[in-house]
Amino acid sequence: MKRRYSKMSDAPVRIRTMRARDVGAATRLWRRSSGLGQDTPATVLRFLRRNPGMSFVAFRGRTMVGAVLGGHDGRRGTLWHLAVAPSVRRSGLGTTLTNRVLAAQRAKGIRKTIILVLRDNPKAVSFWRRTGWTAMPVVALSKPGR
């Protein structure tokens, strides 16, 4: 696979599995992105413990430029909070991070993955449609926290 995003600056983009020490920078990146950033560092750490090796971060030098959470419930995968810094958007990094999650899920026998995208986030909806995801005809319901 051609890595277009590594040509965006002098420093290449490196991708690795998300670690506990990455959670602060990841939550800051998500909060700067439209439609993301509702989780606290504590909830992200709990998610990482339940889904080891399925979430990824990308760095240019020492700066985090991408992050994504991936997991599964034993039958269906989930992909949450994909964010790419504006400086590397439309470079292939979002697709690469997504593919890392999907590969980690396939390694665990997960063949179907869902994402939740807010309707009022047109950039995200456009990205997911461009990369081959399709909308499901569902009614979305949510119960506020207790």
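The values are calculated or read from the model by the stated rules, or taken from the named source; none is laboratory data. In this text, all values refer to a predicted model and were calculated from it rather than measured experimentally. Counting neighbours? That spans all protein chains shown, and the Cβs are built from the backbone with ideal geometry, glycine included. Side chains are part of the model used for accessible areas, which takes the heavy atoms of the whole protein and leaves out ligands, DNA and RNA. Shrake-Rupley method; radii C 1.70, N 1.55, O 1.52, S 1.80 Å.
The table below gives the values:
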| quantity | calculated |
| --- | --- |
| Selection within segment 64-82 - in contact with a strand residue (DSSP E or B) (Cβ under 9 Å, 6 or more places away or on another chain) and assigned to a loop (DSSP other than H, G, I, E, B) | ARG76 |
| Pairs with Cβ under 9 Å, 6+ apart, first in segment 25-47 and without any contact (Cβ under 8 Å) to a residue 40 or more places away in the chain and crowded, with 19+ Cβ neighbours inside 10 Å, second among the hydroxyl-bearing types (Ser, Thr, Tyr) and not in a loop (DSSP other than H, G, I, E, B) | VAL44/THR27 |
| Subset of segment 48-59 (residues that are open to solvent by 50 Å² or more (accessible area, probe 1.4 Å) and outside any helix (DSSP H, G or I)) | PRO52 |
| Those residues of segment 89-128 which are at pLDDT below 90, assigned to a helix (DSSP H, G or I) and surrounded by fewer than 13 Cβ atoms within 10 Å (Cβ to Cβ), in sequence order | PRO122, LYS123, SER126 |
| Subset of segment 4-17 (residues that are more than 18 Å from the chain's Cα centre (by Cα) and either of a type outside the set (Asp, Glu) or modelled with pLDDT under 50 (or both)) | ARG4, SER6, LYS7, MET8, SER9, ALA11, PRO12 |
| Flag for ALA20 being open to solvent by 30 Å² or more (accessible area, probe 1.4 Å) and modelled with pLDDT under 95 | no |
| Segment 20-35: number of residues that are outside any helix (DSSP H, G or I) and out of contact with any Leu (no Cβ under 8 Å at 6 or more places or on another chain) | 3 |
| Any hit, segment 59-68, residues being closer than 26 Å to VAL138 by Cα and at pLDDT below 90 | no |
